[in-house]
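The values are calculated or read from the model by the stated rules, or taken from the named source; none is laboratory data. Quick caveat: nothing in here was measured; it's all calculated off a predicted structure. All Cβ positions, even for glycine, are placed from backbone atoms using ideal geometry, and neighbour counts span all protein chains on display. Note: areas computed on protein heavy atoms with side chains; ligands, DNA, RNA excluded. Shrake-Rupley method; radii C 1.70, N 1.55, O 1.52, S 1.80 Å.
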Amino acid sequence: MKLSRLTIALYVGLIFACGVVLGVFGHSLYAVTVVRSGNQPAHRPTPEEVRKKTIAEMQTRMKLTDDQVSKITSIYDETRARVNEVHEKYKPQMDAITKDQRDKVRAALTADQVAEYEKMLKERDEREKQRGGKAPGPGI
């Protein structure tokens with residue numbers, strides 16, 4: 001049986017289309033599997049949860065005594081206090097930079113755009129409050 005060029009072209013096109021469909025399906029299946037993986041916690045652990053887990057792991061792996069656990073806990077407390085102190089020192093500067101950025105963006109927008117920008121900022125600030133004050137990063 002001899003196939004015409006048109007028939008061969010149709011078969012090649014059909015095979016190509018099947019490859020595309022399988023590729024899209026495979027990618028979506030992979031993406032869903034990665035997102036729903038059990039490896040990631042449902043929520044971001046708090047610093048206190050991380051600290052307790054770290055100390056518990058150290059106790060198990062290094063066989064720490066109660067005295068060592070107490071000393072390490074004190075070290076962690078001291079470190080947290082120092083970090084908070086530094087954060088409080090630079091926070092006003094970061095707030096001033098953010099305010100300056102927002103003022104400059106407002107100046108570049110029309111009145112209608114400023115209204116939408118204010119709405120965006122309010123939504124972003126609400127999300128930040130829900131995350132416990134953790135901003136997405138500088139310049140945003």
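A few notes on this one:
- Unit charges at the beta carbon, dipole of the range 1-120: most positive-side option, LEU6, VAL20, THR60: LEU6
- Positive minus negative residues near TYR11 (Lys, Arg vs Asp, Glu; Cβ under 15 Å): +2
- In the chain, Rg over Rh equals 1.27, where Rg is the alpha-carbon radius of gyration and Rh the Kirkwood radius from pairwise Cα distances.
- Members of LYS52/LYS89; LYS89/LYS122; LYS89/LYS129; LYS53/LYS129; LYS53/LYS119; LYS71/LYS129 lying beyond 31 Å, as alpha-carbon distances in this model show: LYS53/LYS119; LYS71/LYS129
- Simple Cβ-charge dipole of the chain, Lys/Arg +1 and Asp/Glu -1, about Cα centre, in debye nearest 20: 600 debye
- Span-rule helices in the chain, defined as complete DSSP H runs reaching 24 Å or more along the axis (Cα) with Kyte mean at least 1.0: 5-35
- The mean accessible area for residues of the chain, using a 1.4 Å probe and ignoring ligands and nucleic acids, is 88 Å² per residue.
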